Amino acid sequence: MNRQNRIWRTALLAAPLAVFGLFVVWPLMSSFYYSFTNWNGFNPNYDFVGFANFGKIVTDRLFLNATINTAIWMVAAIVLPTALGLGLALLLDRKLPGARFFKSVFYLPICLSAVIVGQIWIWIYQPDWGLLNTVLRHVTGAEHNWAWLARPNTALWSVIVAWSWQQTGLSMVIYLAGLTGIPGDLLEVCEIEGASPWQRLRRVVLPLLTPSTVVVVALSVINSLKGFDILYIMTGGGPFNSSDTLAMHMYNESFAKFRMGYGSAISVVLFLIAMVVIGLYFRQLRKVDRIYG
Amino acid sequence: MAESTPMPARRFDPWPATIFVMLAVLAVLFLLPTAGVVLSSLKTTHDISMGDLWSLPATLYLGNFREALSNPSVHRYLLNTLLVTLPATTGSITLGVLAGYVFAKLPFRGSNALFLVLVAGMFFPPQAILVPLFRMFNAVGLIDTLWPVIVVHTALGIPICTLLMRNFFATVPNALREAAIMEGASEWQVLTRVVLPLSLPALAVLAVLQFTWIWNDFLWPLIFTKSDDKRTIMIGIVNLKGQYSVAWGVQGALSLVASLPTLAVFLFFQRYFIKGMTMGAVKG
């Protein structure tokens, strides 16, 4: 019986582990390897350069710029969609006519691809007939043709808004799931005891939503580290690298400038940041599990 | 929470109405961007360039869709996307089922650690494996074919599929498996005849999620394909931007055509989609 179990385990796990090992784990290891080389992407020959790529990272002005942008992106991606999603979930968590319709509207953007989302928002930001400038013109009565995506000081934030529009539905859905886990009697007791709606929210609902918040925040951080497609579509990291992120910088160095060794070094740094975040997330999740069981 | 606290019929409560209005306003704001694309696709380029993109069209103009759908490149892009999405969706779910079954029903020493390693795979940024994968597929001459895209999507789908399948299989009573084994069934028969038929909801969740993610993906086809007749629809749309640079309406129609499969899947399987998002709640 035991022997048979062992055979079945091996037989069933062989294919998934082989595919995952060969196309995910092995490349991951190799990334570390290539980050110590100067491979250019075509030439079969390359040299070992030791820590030169990592030394270059420290002095690379564009890398620093991309790191700062990634940090801005990350904070904004945590705050905006999380707050909005939480707000929507709190509003929707009651018997309302059309609640289903509202939910669909808010999470519809999740199933659109980054390319389409980018396309949609390029039109909103279009200087001459874009929705944003059109509205501004009507409201202020003055001429507005600010090129939102082509100006260094608005490009990154314009993309962040588009990104938040897409991601809000995801945090809303997670918060809605969390809210169904809060017993109604508990809130009734609070009401009877004379807690104001604000106190109920601050002292009861929000603390009980902690597990959902952990998931939402971790997702936002991880997704913002991956943030690439929508930037590629909307700004390409420009103008003047003002919206460049680490993921974008890594792509440009590796596949536009063909410095694959240097690109690998950037990807290693990106991976290590992600690992730290994931580690924190798992630890927090365990703590949350212990408290809320 | 409020579902169990129905408003008692005391004095007039202004809250539900206020909330409804707030939600309605937000919903309109949320729909506006998408509505813009729909509106543009129904207008002539002339109307749009006259600054008339955001108003309701006086007449339905379908020329943009005719133009988009008669473009042979678009046919090619759509076909390529299907050729990638279908096998990669099936492949990743199959592998996830196999691994999930072992982790749920045949645990062994260290299986939890192995499971965590697999699941961690869905968190890290894909940029971390770009260069080695490019080199690997380049070495075997598969760059500029659809194969690397299929294979990588299959591999990257394993974490989420294993996670959801393991969690679902764990809810299937062990007694069921033991009874079948007593009757002389093999492990394979237990999986395919007993457990899988019970797992249709989980399979549906995964099918919807994987289909949507792979169909919408941009990064992998961008890296692995070069020539126009190997591109998928999301890359194709970007490529066609040059051709239709001021034909905004055609661009809008193209965007809608490209989103139609995922929108259809979303509308039909809405419940599954949300469930998957909250259950998986992890893949980005």
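The values are calculated or read from the model by the stated rules, or taken from the named source; none is laboratory data. Nothing here was measured: the structure is a model prediction, and the numbers come from that model. Every residue, glycine among them, receives a Cβ derived from its backbone with ideal geometry; neighbour counts consider all protein chains shown.
The table that follows gives values for the structure above.
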read-out	value
Whichever residue in segment A:136-178 is among the polar types (S, T, N, Q) and more than 13 Å from chain B (Cβ to nearest Cβ) and, among such residues, is surrounded by the most Cβ atoms within 10 Å (Cβ to Cβ)	A:THR154
Only listed residue being modelled with pLDDT of 85 or more, aliphatic (A, V, I, L, M) and under 25 Å from A:PRO152 (Cα atoms), chosen from A:LEU209, A:LEU225, A:LEU272, A:LEU246	A:LEU246
Residues being over 25 Å from the mean Cα position of the chain (by Cα), among the aliphatic types (A, V, I, L, M) and within 14 Å of chain B (Cβ to nearest Cβ) - total across segment A:22-65	1
Every pair of residues 6+ apart whose Cβ atoms lie under 6 Å, when the first sits in segment A:189-216 and is farther than 18 Å from A:TYR175 by Cα while the second is not hydrophobic (A, V, I, L, M, F, W, C)	A:CYS190/A:ARG200
Cross-chain or 6+ apart pairs with Cβ under 6 Å, segment B:111-133 first and closer than 20 Å to A:LEU270 by Cα, then among the aromatic types (Phe, Trp, Tyr)	B:PHE124/A:PHE271; B:ALA128/A:PHE271; B:VAL131/A:TYR34
Count of residues meeting criterion [assigned to a loop (DSSP other than H, G, I, E, B), surrounded by 19 or more Cβ atoms within 10 Å (Cβ to Cβ) and more than 8 Å from chain A (Cβ to nearest Cβ)] in segment B:114-141	1
Residue match in segment B:170-190 (condition: surrounded by fewer than 21 Cβ atoms within 10 Å (Cβ to Cβ), assigned to a helix (DSSP H, G or I) and within 25 Å of the chain's Cα centre (by Cα))	no
Residue within segment B:48-62 that is assigned to a helix (DSSP H, G or I), more than 30 Å from B:ARG166 (Cα to Cα), in contact (Cβ under 8 Å) with a residue 40 or more places away in the chain and within 14 Å of chain A (Cβ to nearest Cβ) present	yes
Check on A:VAL173, within 23 Å of A:ILE78 (Cα to Cα) and either assigned to a loop (DSSP other than H, G, I, E, B) or in contact with a Phe, Trp or Tyr (Cβ under 7 Å, 6 or more places away or on another chain) (or both)	yes
Segment B:88-113, residues that are assigned to a helix (DSSP H, G or I) and surrounded by fewer than 18 Cβ atoms within 10 Å (Cβ to Cβ)	B:THR90, B:THR94, B:SER111, B:ASN112, B:ALA113
Segment B:207-258, residues that are within 30 Å of B:TYR61 (Cβ to Cβ), among the small types (Gly, Ala, Ser), in a helix (DSSP H, G or I) and in contact (Cβ under 8 Å) with a residue 12 or more places away in the chain	B:GLY236, B:GLY249, B:GLY252, B:ALA253, B:SER255, B:ALA258
Residue ranges of helices (runs of 4 or more DSSP H) in segment A:55-134 with at least 3 members farther than 30 Å from B:ASN239 by Cα and in contact (Cβ under 8 Å) with a residue 40 or more places away in the chain	A:61-92
Filtered residues of segment B:212-239 (kept if surrounded by fewer than 21 Cβ atoms within 10 Å (Cβ to Cβ) and more than 9 Å from every other protein chain (Cβ to nearest Cβ))	B:LYS226, B:SER227, B:ASP228, B:ASP229, B:LYS230, B:ASN239
Top-ranked residue in segment A:200-235 [being within 11 Å of chain B (Cβ to nearest Cβ) and outside any helix (DSSP H, G or I); ranked as surrounded by the most Cβ atoms within 10 Å (Cβ to Cβ)]	A:GLY227
Scan of segment A:27-61 for residues that are surrounded by 15 or more Cβ atoms within 10 Å (Cβ to Cβ) and of a type in the set (A, V, I, L, M, F, W, C), ordered by number	A:LEU28, A:PHE32, A:PHE36, A:TRP39, A:VAL49, A:ALA52, A:PHE54, A:ILE57
Residue check for B:THR154: more than 8 Å from chain A (Cβ to nearest Cβ), part of a helix (DSSP H, G or I) and out of contact with any Asp or Glu (no Cβ under 6 Å at 6 or more places or on another chain)	no
